[in-house]
Amino acid sequence: MKTRFATLTLAVLGGLGMMAAPAIGDAANIGYSYSGGYSAGIPGAITSLGHTPVPIATIDAASLSGLKALVLASCGAQPLLNAPNAALDAAVQNGLTLVVETGCSGTVLNSANLPGAPTYSSSTSSAYPEADDIEITAGAPGISGPGGTLTATSLDRIPAGGGGYYNMVRYHPRASLPAGANVILTTANTDHVGALVWSYGAGRVLHTETQSSFFLPGSQAESASDSFRPGMVTYFMNLLSWASGPSTTCASEGYTGTKLQWCKYI
C-alpha cells in the first residue's frame, strides 16, 4: 500500500507548513455511546488522554451541553442516529466535534441523519477483498498523534483474508461524498472511501467505516490476532485526540478558503 498525498497547490502547502500543530489541549468532557460490548474500551481510552468520559443515552441539548466532542460507535447502524437530531445539528454548528464509527454488517447508517444531512451512499457488502489493502491520506486525522504514527501497512490485512475482523467494513463511492468532505481512508481502489470528515458550521463531523474501537483495551477484540489490530488502536486513539482539539481557531488565525478547510481538518 502506498500512502496517498492530497493534491494541494503550493500556496496551500506553504500555508500548512506555517501552521502550528494542534496540541492535545486542555482536559475536556467527551461524550460517548457504544452498542453492546464491542467498543467497551472507549471510556478508558478517553481517560487515558486526560479527558473525562461522559456516557450519553439520549442526544438532546442537555446531554450535549459542556461537551467538546461526541463519539458514537456501533456495530451496524448507530441507534442514536436513527433520525435527524436538531440538538446534535445545532451543537456541531456551534463547535462540537462528532466522531461516528460504524463497524459491522447489517443496517447501514443513513447519512442524512448526520449533521448537515449529507446524502452519500454506501456499499451493501461488508466483505470485499480489496479492503485488505487500505490507503491513507497523508495529514488526515488519525494518522499521527498520541497513539503513534500509522505506516503504509498499519491498516492492511496480512496475509490477505486472514483474521476474524474487518479493517474497513464498507465503502462510500467518492462521487457521492458531500461537497467539501476530506477523504481519510480508501481501499486500494481510491474511489472507495472508508472514512471522511467535513466541517459543519464551527464544528466537524467524521464518519469512519472501521472496527478500530473494537480493538481498544477492554473492548471485544482486544486480544484478536488480526495483523492490523495495533494500527487500529493507533488510529482510534489519534481520532480521539483530534476530536478533543481545537476546531475553530484556524479562522481566528486568519486562514480563509482552502487553507482554512485544511487547517480545520488537521
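The values are calculated or read from the model by the stated rules, or taken from the named source; none is laboratory data. Just so we're clear, the structure is a prediction, and the values are computed from it rather than from any experiment. Virtual Cβ from ideal backbone geometry, glycine too; neighbours counted across all protein chains shown. Side chains are part of the model used for accessible areas, which takes the heavy atoms of the whole protein and leaves out ligands, DNA and RNA. Shrake-Rupley method; radii C 1.70, N 1.55, O 1.52, S 1.80 Å.
I'd like the full set of residues that are part of a loop (DSSP other than H, G, I, E, B) and buried (at least 18 other Cβ atoms within 10 Å of the Cβ), limited to the range 164-179. Give the derivation first.
So the first thing to find is which residues in the range 164-179 are part of a loop (DSSP other than H, G, I, E, B), and the list is 164-171, 177-179.
Correct list: 165, 166, 167, 168, 169, 170, 171, 177.
From 77, 86, 73, which residue is over 17 Å from the mean Cα position of the chain (by Cα) and either under 24 Å from residue 49 (Cα atoms) or of a type outside the set (Val, Ile, Thr) (or both)?
The match here is 86.
Any residue at all in the range 74-87 that's part of a strand (DSSP E or B), surrounded by 20 or more Cβ atoms within 10 Å (Cβ to Cβ) and at pLDDT below 95? Taking every residue of the range 74-87 in turn, at least one turns out to be part of a strand (DSSP E or B), surrounded by 20 or more Cβ atoms within 10 Å (Cβ to Cβ) and at pLDDT below 95. Kindly provide the set of residues from the range 53-91 that are under 21 Å from residue 242 (Cα atoms) and aliphatic (A, V, I, L, M), ordered by number. Matches in the range 53-91: 54, 56, 64, 67, 69, 70, 71, 72, 73, 88, 90, 91.
The rows are residues; the columns are (1) under 25 Å from residue 41 (Cα atoms); (2) open to solvent by less than 10 Å² (accessible area, probe 1.4 Å); (3) without any contact (Cβ under 8 Å) to a residue 60 or more places away in the chain.
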residue: 181; (1), (2), (3): no, no, no
residue: 184; (1), (2), (3): yes, yes, yes
residue: 197; (1), (2), (3): yes, yes, no
residue: 205; (1), (2), (3): yes, yes, no
residue: 218; (1), (2), (3): yes, no, no
residue: 225; (1), (2), (3): yes, no, no
residue: 232; (1), (2), (3): yes, yes, no
residue: 242; (1), (2), (3): yes, no, no
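Would you tally the residues in the range 100-116 being among the small types (Gly, Ala, Ser), under 14 Å from residue 73 (Cα atoms) and surrounded by fewer than 20 Cβ atoms within 10 Å (Cβ to Cβ)? Reasoning before the result, please.
Our first condition is that a residue be among the small types (Gly, Ala, Ser); within the range 100-116, this holds for 103, 105-106, 111-112, 116.
Narrowing further to those that are under 14 Å from residue 73 (Cα atoms): 103, 105.
From the residues that got through so far, the ones that are surrounded by fewer than 20 Cβ atoms within 10 Å (Cβ to Cβ) too are 105.
Qualifying residue count for the region: 1.
Listed conditions (1) over 22 Å from residue 42 (Cα atoms); (2) in a strand (DSSP E or B); (3) among the charged types (D, E, K, R) are all met by residue 101, apart from (1).
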